[in-house]
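The values are calculated or read from the model by the stated rules, or taken from the named source; none is laboratory data. Model, not experiment: these values are computed from the prediction. Here Cβ is always computed from backbone atoms with ideal geometry, including for glycine, and neighbour counts include all displayed protein chains. Protein only, heavy atoms only, side chains kept; ligands, DNA and RNA dropped before computing areas. Shrake-Rupley method; radii C 1.70, N 1.55, O 1.52, S 1.80 Å.
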Amino acid sequence: MNTPQLFADRLELARTLAVEAGQGTLAHFQTDDLIVDRKSDDSPVTVADREAEELIRARVLERFPDDSVLGEEYGETNGSSPFRWIVDPVDGTKAFVSGVPLYGTMIGVEYEGKAAIGAIYIPGLDELVYAATGHGAWHVRQGAAPKPAKVNNDSPLEDGLFVTSQASKFAARGAKQAYDRLESTAWLTRTWADAYGYVLVATGRAVVMVDPIMSVWDASAAQPILEEAGGIFTDWNGDPTAHHHEGVGCSKRVHAEVLAILRQFPRTA
């Protein structure tokens, strides 16, 4: 099996679909007639989420019919190949329905159970990062030529930006003190991050993004992007995985310092 070429082919499709599906969500963004439904966990979902995932699923299975596909909105379609696509069509739906342009379309691809390919597109900013194991990480702004995506491994936490999606999620897992310590240590803290937080870290603008509670579709695209950009993606215990329902994407310089804080607050459920 020519694994490098198989990665390259799927990377090309992942980045193309992230942009196409993401741009499609703009037809519903900041519109007066947007209907917001509630899922069983009370999280919001809109027609933009559903249409984007439907598009991605159809195109993936048309091109790679033996691959598996797992999506936030429509569950899993099992295939026979070692590749599994993991799709979050609108990461940051709360931002989307609030009219905040920092939501993203995330597409990850696992190979034999390990995150290997990732693409994150921020439609409201027309900004894309993508990567595959052994192929580097790349950053595209507003259709310009791709440039290497590089983590900022020079700045310490006290001089860097710490981002997260929602501060209250730290309290929800009994880790409010972790948030407080990170905020007090970092030079600057901002929320609304969602998918954009990992874009900020991968391109050197933030030094750490932390998710206290997340799903695999929130994480699988981020892991290969951060790793190929010279950074790290792990769970709160330091394991490099997208499957532990929590995440830390950061520079190598601040990883140990951040983990020293987060390890004091293991998940209880």
- Task: Please identify, among Ala137, Ala145, Ala18, the residue showing maximal mean-square fluctuation in a Gaussian network model of the chain using a 10 angstrom Cα cutoff.
- Result: Ala145
- Shape call for region 1-157, from the Cα gyration tensor axes a ≥ b ≥ c (a/c under 1.5 means rounded, otherwise prolate when a/b beats b/c, else oblate), comes out oblate
- Show which lysines lie in cross-link reach of Lys252 when reach means a straight Cα distance below 19 angstrom and same-chain residues fewer than eight apart are skipped. Lys150
- With the chain treated as a Gaussian network of Cα nodes joined by springs under 10 Å, which of Ala48, Ala195, Ala144 yields the largest mean-square fluctuation? Ala144
- Item | Calculated diffusion of region 221-269, Stokes-Einstein form, Kirkwood radius summed over Cα pairs, 10 °C and 1.306 mPa s, µm²/s | 146
- Item | Residue-by-residue Karplus 3J(HN,Hα) for region 193-210, coefficients 6.51, -1.76, 1.60, Hz, glycine and proline x | 6, 6, 4, 5, x, 6, 5, 4, 5, 5, 10, x, 8, 10, 9, 7, 10, 10
- Item | Cα gyration tensor category, rounded, prolate or oblate, for region 100-145 with a/c compared to 1.5 | oblate
- Measuring with a 1.4 Å probe in the full set of protein chains, what accessible area per residue, in whole Å², belongs to the chain? 42
- Note on the structure: Connecting every pair of Cα atoms under 10 Å apart in the chain and solving the GNM, the largest mean-square fluctuation among Gly24, Gly174, Gly231 falls on Gly174
- Note on the structure: Treating only Lys and Arg (+1) and Asp and Glu (-1) as charged, each at its beta carbon, one finds that region 210-262 has a dipole about its Cα centre, in Debye to the nearest 20, of 160
- Output the Kirkwood hydrodynamic radius of region 61-134, Cα pairs only, in Å rounded to one decimal. 13.2
- Going by average Cβ neighbours within 10 Å, how do the peptides 4-16, 179-191 rank, with the highest at the top? 4-16, 179-191
- Which of rounded, prolate, oblate describes region 94-234, given a ≥ b ≥ c as roots of the alpha-carbon gyration tensor eigenvalues and a/c under 1.5 marking rounded, otherwise prolate only if a/b is larger than b/c? rounded
- Query: What does the helix-only formula give at 222 nm for the chain: each DSSP H stretch with n ≥ 4 adding -39500 (n - 2.57), the total divided by the residues, and the result rounded to the nearest 500 deg cm²/dmol?
  - Reply: -10000 deg cm²/dmol
- Can you give the alpha-carbon Rg of the chain over 2.2 N^0.38 Å, where N counts its residues? 0.94
- Taking all pairs of distinct alpha-carbon atoms in region 159-269, Kirkwood radius in angstrom: 13.3
- Where does each of 62-72, 157-167, 111-121 land if you order them by average Cβ count within 10 Å, highest first? 111-121, 157-167, 62-72
- Query: Antiparallel DSSP bridges in the chain: what percent, to the nearest 5?
  - Reply: 80
